[in-house]
Amino acid sequence: MIRIFLSTLIFFTLVFSVASAQMDHRIKPDELLKLQSYGLSRANSAAINSSIIPPSSNVRTIGEWEELQGLVVVWTIYTTILREIIRNARLECKVYVVCSNAQIVINDLLNNNIDTSNVVYVVTPFNTVWSRDYGPWSVYTNDVDSLLTIDWIHNTARPNDDAVSVAIASVLNSPLYQTTKSPWNLVNTGGNFMTDGFGTAFSSNLVINDNLPSASNGGTQNAVGIDRIVKHFMGINRYIRLPTLPYDVTHHIDMYLKLLNEETLLVGQYPQGIADGPQIEANLQYILANYNSIYGTPYKVVRIPMPDDYGRYPNTTGRSFTYTNSCFINKTIIFPTYNIPSDTIALRIYKEALPGYNVVGINSLSIIGASGALHCITKELGTADPLLISHQPLPNTTDTVNNYNVVARIQNRSGIANAMVYFRTDTLLPWQTAPMNSLSGQINYWGASIPSKPIGTRVYYYINALANSGKQQVRPMPAPNGYWFFDVSRSYKDYFNR
């Protein structure tokens, strides 16, 4: 009996040790000791059939809201959360489940009434659940041509995690490019990288610190070297880096900032003067004062609470509750909830900011203590054949005379056969259409006109494009259930001249 007890105790101790090693987002002391030797060995290695020099063509890294062919998760601890991610994601795209045993995952999903169609099992070694940080990056040559996979050196001594991107690229049959060998060696982590899909990226200064020779992980790059690497491998021409937060231990930007589209920043907000609030605000004001969106206009800002941990904040031993750690999955967006009243506020903010999207809250109380949530344990995979539509929504107007010009960048590798603007002035009315025409002298830009409307009108609209290949796409992604709108209203002067 004693022997059985001791065997059981040893077994559960080992299980707990493995789970503990996987639970925390932060690097462990024993990993820190291995980091330098691991980083040096990683910086002098490459996977078979991968390239360690940049692609020969210009490349573009996708924005998270673009069309996905798949989503990567790693089946280990936090299975309650992973089940709900898979339950929702499999309706939008394939879910690639990295696991040790496919049948165990299948049985678990079926036992929890989750259909396993659209789920792909990638049996390969891994260390942790944090697929965002070490997972693959999807880029396209010449904006929309061939899909390539980019793999950085992950900033931890976790060799199995660092090899997951190789396995995923193989499953996708996507050419693999690795930033693993000098002079192109880059250490980075996915939770600390956010891009607009058009050459702008955001990170904290963690990316600088991780690449310094003094970082003890084999790093050899300064800021200039980092910029050169992300330009050639990722198509990033403007890499905005921000001070780290004093109380967030990960220093990952996705804990308080998210791009909702090319021009909108979702920013976490603490009560005034609390915890990381002052630094978040300083970082936001730095962005607004120094950078515009790709459209040449100031970034739009949507605020969302950084809620307290039942009365505590990170500066008073509270967990870093965040709602920005969310994940786009085509027409669905999942965001973390914590079984607290502000969950409903976050839900409302997401629905107002992203009309038509299926907004799903997933309880993340069990994982947030490990300094991560839903974005941290998911990784998007871009479609192999993108039909890119980028449009700056029309602002409110006082113009009741001139037509409203809708201009969009529309691209597919086969070319664009036609594009249409669908519009209406009442959600109960049928959609009207206006054909878009290729704009002379502006490659890949198309335009159409919506007829002028009287004061008091709200105009709803979306864009539909058809490629020569037959591929079709809409923007916003959930159209026609989702759409843009603008109001035709009186000017400020009108109210004084009546």
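For the condition in the same structural domain as LYS231 (by TED's automatic domain parsing) and either of a type in the set (Gly, Ala, Ser) or under 30 Å from ASN209 (Cα atoms) (or both), what is the one hit in ASP145, ASP162?
Testing whether each residue is in the same structural domain as LYS231 (by TED's automatic domain parsing) and either of a type in the set (Gly, Ala, Ser) or under 30 Å from ASN209 (Cα atoms) (or both) leaves just ASP162.
Pick from GLY135, GLY63: which is within 22 Å of VAL474 (Cα to Cα), within 20 Å of the chain's Cα centre (by Cα) and crowded, with 18+ Cβ neighbours inside 10 Å?
Result: GLY63 is the single residue among GLY135, GLY63 that is within 22 Å of VAL474 (Cα to Cα), within 20 Å of the chain's Cα centre (by Cα) and crowded, with 18+ Cβ neighbours inside 10 Å.
Only residues that are touching a strand residue (DSSP E or B) at 6+ places or on another chain (Cβ under 9 Å) and under 19 Å from VAL359 (Cα atoms): list them for region 74-86, please.
First pass over region 74-86, keeping only residues touching a strand residue (DSSP E or B) at 6+ places or on another chain (Cβ under 9 Å): 74-76, 80-82, 84-86.
Answer for region 74-86, where residues must be touching a strand residue (DSSP E or B) at 6+ places or on another chain (Cβ under 9 Å) and under 19 Å from VAL359 (Cα atoms): THR80, ILE81, LEU82, GLU84, ILE85, ILE86.
Which residue is nearest to ILE345 (Cα to Cα), if the candidates are limited to region 242-268 and must be free of Cβ contacts under 8 Å to residues at least 60 places away in the same chain and either touching a Phe, Trp or Tyr at 6+ places or on another chain (Cβ under 8 Å) or not assigned by TED's automatic domain parsing to the domain that holds PHE198 (or both)?
GLY268
Within region 117-127, can one find any residue that is at pLDDT 95 or above, crowded, with 22+ Cβ neighbours inside 10 Å and part of a helix (DSSP H, G or I)?
no
Against the condition touching a residue at least 12 places away in the same chain (Cβ under 8 Å) and hydrophobic (A, V, I, L, M, F, W, C), how does ILE443 come out, does it pass?
No: the conditions fail for ILE443.
Would you confirm whether or not region 476-483 contains a residue that is free of Cβ contacts under 8 Å to residues at least 60 places away in the same chain, within 24 Å of ASP399 (Cα to Cα) and hydroxyl-bearing (Ser, Thr, Tyr)?
Looking through region 476-483, none of the residues is free of Cβ contacts under 8 Å to residues at least 60 places away in the same chain, within 24 Å of ASP399 (Cα to Cα) and hydroxyl-bearing (Ser, Thr, Tyr).
Just to confirm my filter: which strands (runs of 3 or more DSSP E) fall fully inside region 1-103 and include at least 3 residues that are at pLDDT 75 or above and aliphatic (A, V, I, L, M)? So that I can check it myself, show each step before the final result.
On the way: elements: 59-61, 68-74, 94-99.
Per the criteria, 68-74, 94-99.
For ASN205, state whether it is assigned by TED's automatic domain parsing to the domain that holds CYS93, among the polar types (S, T, N, Q) and in contact (Cβ under 8 Å) with a residue 12 or more places away in the chain.
Taking the combined requirement at face value, the residue satisfies it.
Would you mind stating whether ARG475 is under 24 Å from the mean Cα position of the chain (by Cα), basic (Lys, Arg), surrounded by 15 or more Cβ atoms within 10 Å (Cβ to Cβ) and under 26 Å from GLY356 (Cα atoms)?
Considered against the rule, which asks whether it is under 24 Å from the mean Cα position of the chain (by Cα), basic (Lys, Arg), surrounded by 15 or more Cβ atoms within 10 Å (Cβ to Cβ) and under 26 Å from GLY356 (Cα atoms), ARG475 comes out as yes.
Residue check: is ASN222 surrounded by fewer than 22 Cβ atoms within 10 Å (Cβ to Cβ) and free of Cβ contacts under 8 Å to residues at least 24 places away in the same chain?
yes
Does region 153-176 hold any residues that are at pLDDT below 95 and either under 18 Å from the mean Cα position of the chain (by Cα) or buried (at least 20 other Cβ atoms within 10 Å of the Cβ) (or both), and which are they?
Of everything in region 153-176, those that are at pLDDT below 95 and either under 18 Å from the mean Cα position of the chain (by Cα) or buried (at least 20 other Cβ atoms within 10 Å of the Cβ) (or both) turn out to be ILE153, HIS154, ASN155, THR156, ALA157, ARG158, ASP161, ASP162.
Would you say SER440 is in a loop (DSSP other than H, G, I, E, B), closer than 30 Å to ILE150 by Cβ and polar (S, T, N, Q)?
Numbers: in a loop (DSSP other than H, G, I, E, B): yes; closer than 30 Å to ILE150 by Cβ: no; polar (S, T, N, Q): yes.
In short, no.
Please specify each residue of region 72-108 satisfying the condition of being touching a residue at least 40 places away in the same chain (Cβ under 8 Å) and touching a helix residue (DSSP H, G or I) at 6+ places or on another chain (Cβ under 9 Å).
Selection gives VAL72, VAL73, VAL74, THR76, ILE77, TYR78, THR80, ILE81, LEU82, ILE85, TYR96, VAL98.
Under the condition of being assigned to a strand (DSSP E or B) and hydroxyl-bearing (Ser, Thr, Tyr), which residue from region 401-437 is surrounded by the fewest Cβ atoms within 10 Å (Cβ to Cβ)?
Per the stated criteria, the residue is THR433.
Between THR264, THR250, which is within 19 Å of the chain's Cα centre (by Cα), surrounded by fewer than 22 Cβ atoms within 10 Å (Cβ to Cβ) and of a type in the set (Ser, Thr, Tyr)?
THR264
How many of the residues in region 424-449 are among the polar types (S, T, N, Q), closer than 16 Å to PHE486 by Cβ and more than 31 Å from the chain's Cα centre (by Cα)? Write out each step before concluding.
The first filter runs over region 424-449 and keeps only residues among the polar types (S, T, N, Q), leaving 425, 427, 432-433, 437-438, 440, 442, 444, 449.
Adding the requirement that they be closer than 16 Å to PHE486 by Cβ leaves 425, 427, 432, 449.
In the following step, the residues that additionally are more than 31 Å from the chain's Cα centre (by Cα) were identified as 425, 432, 449.
Qualifying residue count, region 424-449: 3.
The values are calculated or read from the model by the stated rules, or taken from the named source; none is laboratory data. All figures in this text were calculated on a predicted structure; none of them were measured in a lab. Glycine gets a Cβ as well: all are built from the backbone with ideal geometry, and neighbour counts include every protein chain shown.
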